[in-house]
Amino acid sequence: MAGAGPVTRPGERATVRLRDGGPEEGPRYAPEWLQLREPADAAARAEDLLDPLRIRLANLPGRSGGLVVHDLGCGTGSMGRWLAPRLDGAQHWVLHDRDPYLLHFAAVASPRSAADGSRVTVETRRGDVARLTPDALTGASLVTASALLDVLTEEEIETLADACTGAGCPVLLTLSVAGRVELAPGDPLDAEIADAFNAHQRRTGLLGPDAITFACEAFSERGATVRVQPSPWRLGPGEAALTEQWLRGWVGAAVEQRPELADRAERYLNARLAACAAGTLRVTLHHSDLLALPRPTDGAA
Ligand SMILES: C[S@@+](CC[C@H](N)C(=O)[O-])C[C@H]1O[C@@H](n2cnc3c(N)ncnc32)[C@H](O)[C@@H]1O
């Protein structure tokens, strides 16, 4: 699940494991889960935001030296593998994450060339992106993130918006959960599970489905022009492995939030998994992509 990752139920053997982080580290994401979702993420990303982004990048002062792209919460690097080959010109990607294990995967499978064949290089930076300062983004041409906003708090998004608008470069924040899921065929329990899942996402002060609206406001208040486009996962029989893992995580989180749902949720999950295996289940999981174009500053590359 974008921004959440699978949750394992007690006694259940997870095929995709969400590793425990320390209390200050937050949850850690299994690379297998990020790899499983990468094709659905790539299909979902809002291509319509790319032209306004390309226009802004083409007009950046100092562009001839190539683009410097900071990808925040990069995980295994799927954003760069999607975006780098869609942009022209030499690019240097700075991949940020707090998890060194994921940074290793990101560095090994980094994109090699841009849309026009120019060279793409990467470096990794371990750290907390929720504490970024404008200095950390000095010289940035573009900041990206994917499936990150909904695991941040209001304060963390404010800090991020300060850092990005301070750097004056465009910001592409993709695949934030919108809190809406459609399953076909429908089931009376769908809405209750969705509500419990959304409450679970919000439960430690994280924004979950409210992140996208909050981020739009944060960037607008800082003078940026903001555009939002839908970027839903559309899961059918061809995505059965991803749908299965997502279902387990989605229902598991709902039950963690509302334990009284456990019996009904177990029957629900079993029926949903059977439909998934039979190829008769379709899931639309809504996300939003946000492009913020801050006023350029002298510091922008
Ligand atoms: C849902 S995963 C998305 C990974 C990747 N962007 C993608 O789309 O596949 C969220 C990522 O953000 C990282 N992350 C979450 N909060 C962070 C923070 N405060 N500082 C640095 N990394 C963070 C996690 O380690 C994880 O790699």
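Here the chain is described by how far its Cα atoms reach on the three principal axes: 60, 37, 34 Å, from widest to narrowest.
Taking amide H as placed 1.01 Å from N in the peptide plane, residue 282 has its amide H under 5 Å from the amide H of 184, each at least 5 places away in sequence or on another chain. Of the trypsin sites (Lys or Arg not before Pro) found in segment 155-257, those that fall in a DSSP loop while having at most 14 other beta-carbon atoms within 10 Å are 203.
When DSSP beta bridges are restricted to pairs lying wholly in the chain, around 50% turn out antiparallel. Within segment 25-107, the GluC sites (Glu not before Pro) that combine a DSSP coil assignment with at most 15 other C-beta atoms in a 10 angstrom radius are 25. Look at 258, 126 and count the other Cβ atoms within 10 Å of each Cβ; fewest to most, that gives 126, 258.
Its residue count N fixes a reference of 2.2 N^0.38 Å for segment 191-301, and the Cα radius of gyration divided by that reference is 1.39.
Every number in this text was worked out from the coordinates using simple rules, so none of it is lab data. Quick caveat: nothing in here was measured; it's all calculated off a predicted structure. Positions of Cβ are backbone-derived with ideal geometry, glycine not excepted, and every protein chain shown enters the neighbour counts.
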